[in-house]
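The values are calculated or read from the model by the stated rules, or taken from the named source; none is laboratory data. None of these values were measured; they are calculated from a predicted model. FYI the Cβ positions are ideal-geometry reconstructions off the backbone, even for glycines, and counts take in every protein chain you see.
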Amino acid sequence: MAKEGALDELLTEVLSRYDNSPSPHLKEVTCAAIRHLHAFAREVNLTREEWFAGIMFLTQCGKISDDVRQEFILLSDTTGVSTLVEMLAYDASSSSLTDNTVLGPFHAGGSPDREFGESMLVDPDDGDRVVVRGVINDVDGNPIEGVLLDCWQNASNMFYAVQQPGIQSADNLRGIYHSQADGTYEIRSIRPVPYPIPSDGPAGDLLKKNGRNWWRPGHLHIWARHPDYKDLITHVFDVESEFLDGDAVFGVQRSLIREFKPDDGGELSTTFDIVLDRA
């Protein structure tokens, strides 16, 4: 193994090549990444064969990614990096704020606008029909009108519409809702079911080789946006779902778990109030 002094000299030389970067923040991020990569290689005494295996792993992640499937996001999710980034980006330390979680790899833009209480379900589905309703407030308890709620979830066959083009309708179980003047919103959908994340690629292989689970508990995605407030990416989890304690992408927050039960009208429903932080 090379002497520590020589390894330190190499790192110093590499970092010095970025001294003239025109972007201070780009230099900061790049140099930090280089320092940590060098530290990682030194910690595990990375061999040439391991280095090449890592290169090929990343190459395969790129090859399997396309407009629908993003293997690098999946890898980020399953290593907890996506959750870490969300925690850094959105400070939910205030007890009143709604907890955030991961975006996931299956969000798609261009979902259709839905009326208050309209169902997102387009295709036939044997799943139980459910209602998710609540009030969106600021930290002082004032209702927020006009919050855009970008919602999506998988069908009872465990696939999202973007995973099954030509099988599911493009707009199945996707929709854009808006909060009313009193802050209320209402979404109709199906009861979310657990599903396996794509495990036939490099990210899945890494999970399997390490004896890890590759399932997610049943959930509804909600991305709440308003120009005066910080974006909130969150989930509604079903308390009766499997894998709440072993989510493959570390997305479960206990505060986001809800019970679905019949309401006064006989519909299976849950209440999910949302508190947003000012931008």
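Computed quantities for the displayed model
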| quantity | calculated |
| --- | --- |
| Count of the stretch 231-253 residues which are part of a strand (DSSP E or B) and touching a Ser or Thr at 6+ places or on another chain (Cβ under 8 Å) | 5 |
| Condition check for I55: outside the structural domain of Y195 (by TED's automatic domain parsing) and either within 24 Å of the chain's Cα centre (by Cα) or in contact (Cβ under 8 Å) with a residue 40 or more places away in the chain (or both) | no |
| Pairs where the first residue, in the stretch 170-198, is among the charged types (D, E, K, R) and the second is modelled with pLDDT under 95, C-beta under 8 Å, 6+ apart | R174/A108 |
| From the options D126, D91, D113, residue that is touching a Ser or Thr at 6+ places or on another chain (Cβ under 8 Å) and surrounded by fewer than 14 Cβ atoms within 10 Å (Cβ to Cβ) | D126 |
| Evaluation of D66 against (1) outside any helix (DSSP H, G or I); (2) in the same structural domain as I222 (by TED's automatic domain parsing) (one fails), failing number | (2) |
| Index of the failed condition, V239 passing every other in (1) over 15 Å from Y90 (Cα atoms); (2) surrounded by 17 or more Cβ atoms within 10 Å (Cβ to Cβ) | (2) |
| Identity of the residue in the stretch 166-186, under 20 Å from the mean Cα position of the chain (by Cα) and in a strand (DSSP E or B), that ends up nearest to V122 (Cα to Cα) | R174 |
| Single residue of the stretch 73-94 satisfying the filter (without any contact (Cβ under 8 Å) to a residue 60 or more places away in the chain and assigned to a helix (DSSP H, G or I)) that is nearest to R225 (Cα to Cα) | A89 |
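Every residue, every condition in (1) assigned to a loop (DSSP other than H, G, I, E, B); (2) touching a residue at least 24 places away in the same chain (Cβ under 8 Å); (3) of a type in the set (A, V, I, L, M); (4) more than 22 Å from V85 (Cβ to Cβ), yes or no:
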residue: S96; (1), (2), (3), (4): yes, yes, no, yes
residue: V102; (1), (2), (3), (4): yes, yes, yes, no
residue: F116; (1), (2), (3), (4): yes, yes, no, yes
residue: R133; (1), (2), (3), (4): no, yes, no, yes
